[in-house]
Each structure stands twice: as structure tokens, then as C-alpha cells.
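Everything below concerns the one structure shown next.
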Amino acid sequence: MIEGNFFTGSSSKRHNAELSLANGLLLVKDTVSKQVLLQLNRPTLAISARVGNTVRAISFDDGSKFETLDNDAVDTLQAEIAPSKQHWLYWLENHYPIIMAMLATIIVITWLSIQYGIPAGAKWLAYKVPASLYAGAGDSTLKYMDKSILNPSQLPEQRQQALREKFLSLIDQSSLSIPIRVEFRNSELMGANAFALPSGMIVFTDDMVNLSCDDQELTAIFGHELGHIEYRHTVRSMIQSSVIAFTTVMLVGDASFLGEVVVGLPTFLLEMDYSRDFEREADDYAYHFLQTNNINPGFFTSIMNRMETVHRPTNTASSEQADLDRVEGYFSSHPLTEQRTQQFGEAAVQCEM
């Protein structure tokens, strides 16, 4: 017998009532008059979850409702009607160690998925994408950049062709999964730079060519960008970014301004971590590429040191610069130059710019 209040659903009048269940027959009677207010055979009930010692509501199909503070009796009733249902909210509420263990497990699984699962899945998927799709994406990307931040190269055509032939002579196109092309562009915005598109196109800026003191330095950069293409870094990065952003939105929900920050920040930080891994992979590829072609790996160190000198502000105090380097080492998609060039050895050439 459960004592409580009964509401018919057709009016707001409250009846002091008692609820009982015997042999599948549920009865709700007025406590005073003993009038049967509700009678159901093998009823279907909607019972609110137990949260502390708050009022429990038992709702019926006809809109009527029975409320009580006797939570233990309601639990017993619920077990009789649907023994397979667990009162999980109340149970969890009283088992904090289990809650913490479950939370820790979720955190570990999430971290492992982000750290290893998503990159592995993105890598597998990137190699399943047909090369024809890469070609279209690369060409359209270069056309867009030509209209925005890139201009035609100012290098003499003979110089461009000589470098193009030099680079391509060092690779066996038939052994590569994607055909390689080399292009040159001028860009004040990008400065001394080189980048690879998923279509197999490697683009050098004029400033990068002019920064070099030896063409073997440019060959080292070519090997690095070749690594980005062979390892499908651009496509893998796109897949990883999409998965992380989608997962974060699903967890956070609708993004207001704060939501956008919450969604964007983990994606930003995790992608930087992935990018640093990609740079290390491309550096390793460049190192073996140079060794295979009997080129001193120190040429990579030479050009990287010079790029760091060109891009580093000259008006920063040494102590401040050390702090800046530490910050840059974390909030950068590229590892610090000193870390990157360790395996390449000493600089092969020195020259004044």
C-alpha cells in the first residue's frame, strides 16, 4: 500500500489516496471515502526516476497521476511491474566511486580515441580516396590561391625549369602513389615558403628560392614536401579536423559564442599536435630521401636555420626570445627548428644573406 495524492487529469482537484497492486490489478482508492478512483488490470505506468527523496510521480495512460514521497514503496512497485528496469539515477547517486570510475574510463577512452583512434582511422581512409579526387582538389585549391595570395613567379623561366628537372630527376614517378609536379609562385604574404597540395603539386615561392645558398637546400625542402604528399597529410588533417569538430559539437550541443570557443579550442590544440607529428614524419621522409640520393642531410639544417633567422624578430631581447620560443614550441604546428634538425646534423653550408 502506497499513500499519496491522486489527480484525475480532468481537474486540478487533489485526492488523498492509497495505491495498491495485487495479482496484476492496480487500485487507487480515496483514503477517506474508500471510493475506487482508478482500477487497471496489468497497467502500463510511467514512473519518474528516483532522485534523492523528492516526490515521485506515477502517470497513467488516461492522464491521471499519483504522487507520493514513499520512494521505497514506489521502487518495490516498479520492480513488480517491470523487474528488469533499474533505478539507475538513484543507484548512481549513492555510488560516487563507481561514478568517478566510469568518468575516468570515459576520459581515457576519449583520449585514446583522439590520440590514436582518429589518426589511425584518418590515415586508413586517406589512402582509400582515389587519386583522381586528389587531382581535382589540388588544382582547384591552386586556382583559388592564384586569385588571392599568389602571383606569377618572377624567376626566369630557365631557372624554374632547371629546378623542376633537378627535383623530378631524383624520384621514380612510377614508384609514387601520386604523380609529382613542381610549380613556382611569388607571394609577399607567404614569404619564403613551400607547400604541397594533395594532388601531388609542390609549390615553391620565389622568396624560398632566393633564400637558398645552394640548390641542394631546395632539394631538401622538396623532399620534405614530398613526404607530406606520400603520407597524405593534408587529407588526413581534413578528416581529423572534421571528426574532432563533429564529436565536440555532439558533446557540447548548440554553439553560441561560448560554444564556438569550446568547440574550436580543442580542435585547434589537437590539430596542432597532429600537425607537429606530420612535420616530423615529413622531416623523416626528407632525411631518408636525401640519404638515398647521396645528398648531405645538413642542407636541410642550413635552409631551416636561415628561415628561422629571417622570420625571427630582431628587436626581441634574448630572455624574452627564450620565453617566446617556449610558447611557440607549444602553440605552433611545427616543432622548433633545433628539434627538427637534430637528425640532419650540422649545416652543410653557411652564407650571408
Run the quick spin-label model on M100 and E338: label points 7 Å from Cα toward the beta carbon, then report their separation in nm to one decimal.
4.1
Please give the peptides 71-79, 234-242 ranked by average Cβ packing (other Cβ atoms within 10 Å per residue), highest first, as a rough proxy for protection.
234-242, 71-79
For a paramagnetic label modelled at 7 Å from the Cα of R164 toward its Cβ, which residues of the stretch 205-226 fall within the zone defined by backbone nitrogen distances under 15 Å?
205-206
Over 23 Å between C-alpha atoms is what I'm after, so list which of K34/K65; K128/K166; K13/K34 land there.
K128/K166
Between S177 and N151, how many nm apart are label points set 7 Å from Cα along the C-beta direction?
3.8
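Read-outs: derived from the displayed coordinates by stated rules, not from any lab. Not measured: the values here are computed from a predicted model. Because the Cβ atoms are built from the backbone with ideal geometry, glycine has one as well, and the counts that use them run over all protein chains shown.
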